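Below: one structure, written as structure tokens.
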């Protein structure tokens, strides 16, 4: 009977929490600036790295378009979310999402592109044109670019096509005279598309997209994820993971880092008026 007692004791030990595998499940959402397929390909290696480093089960999420992503943020559906600066200041205030990290040594710039061979040479040439944008609340690609056009008293008709890639394709194919985007997504285009586009105008720099966590996430879980991001940023053997998302590394962040965006006075708007 002694062997049976040992067997039962071993079974109890193996099934105690001290021996359990960490199976905490978290969602990691990425703003749908590009197709879901491309986002998954680019971001999954990072998510796998975080999973391996923390022991958490981290699952990639995105949405069919930016407005749906916004609605999900408003409902607090994501544990971790990579969101644009406008989204962050809005959902930091309304839901309580907290800044964790951002791209290191980076400022976000909006830009306006036209077909390479377009007769449009200056912003004034866009007067009366249809201009493509990803979504009404896309910070640099829509809010900053369209605000600059209005400041210059250039009349235009906004058309929303759901993603940055859709903007570039629509302009490249001649469906619209111009389109709003950002440097990172433009640089991420296939060469055969990018070479057919010309940057007409580029904005000044703003604090870039935030990697933020749900307000209910514990400080210890936040720290574990941040540790993984900072470790990856200093891990030369896995630099390819960062290259896949167009980053050179992460830096720890706090909510006040986005005060330059708050100073624009757009955080109180439920929707930018375009």
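Among the numbered conditions (1) out of contact with any helix residue (DSSP H, G or I) (no Cβ under 8 Å at 6 or more places or on another chain); (2) farther than 23 Å from residue 33 by Cβ, tell me where residue 224 comes up short.
Condition not satisfied by residue 224: (1).
Do we find a residue being surrounded by 20 or more Cβ atoms within 10 Å (Cβ to Cβ), in contact (Cβ under 8 Å) with a residue 60 or more places away in the chain and in contact with a helix residue (DSSP H, G or I) (Cβ under 8 Å, 6 or more places away or on another chain) anywhere in the stretch 142-152?
In the first step, residues of the stretch 142-152 are kept if they are surrounded by 20 or more Cβ atoms within 10 Å (Cβ to Cβ); the result is 142-146, 149.
With the extra rule that they be in contact (Cβ under 8 Å) with a residue 60 or more places away in the chain, the set shrinks to 142-144, 146.
With the extra rule that they be in contact with a helix residue (DSSP H, G or I) (Cβ under 8 Å, 6 or more places away or on another chain), the set shrinks to 143.
Yes, there is a match, as at least one residue in the stretch 142-152 is surrounded by 20 or more Cβ atoms within 10 Å (Cβ to Cβ), in contact (Cβ under 8 Å) with a residue 60 or more places away in the chain and in contact with a helix residue (DSSP H, G or I) (Cβ under 8 Å, 6 or more places away or on another chain).
I'd like to verify a number: residues in the stretch 69-95 that are in contact with a helix residue (DSSP H, G or I) (Cβ under 6 Å, 6 or more places away or on another chain) and either surrounded by fewer than 21 Cβ atoms within 10 Å (Cβ to Cβ) or more than 15 Å from residue 33 (Cα to Cα) (or both), how many?
5
For the stretch 155-274, which strands (runs of 3 or more DSSP E) that fit wholly inside it have 2 or more residues that are surrounded by 20 or more Cβ atoms within 10 Å (Cβ to Cβ) and not assigned by TED's automatic domain parsing to the domain that holds residue 120? Write out each step before concluding.
Numbers: elements: 156-160, 178-182, 197-202, 210-213, 250-252.
Answer list for the stretch 155-274: 210-213.
The values are calculated or read from the model by the stated rules, or taken from the named source; none is laboratory data. Since the structure is predicted, the reported quantities are computational estimates derived from the model, not experimental observations. With ideal geometry, Cβ positions are generated from the backbone for all residues, glycine too; neighbour counts draw on all protein chains shown.
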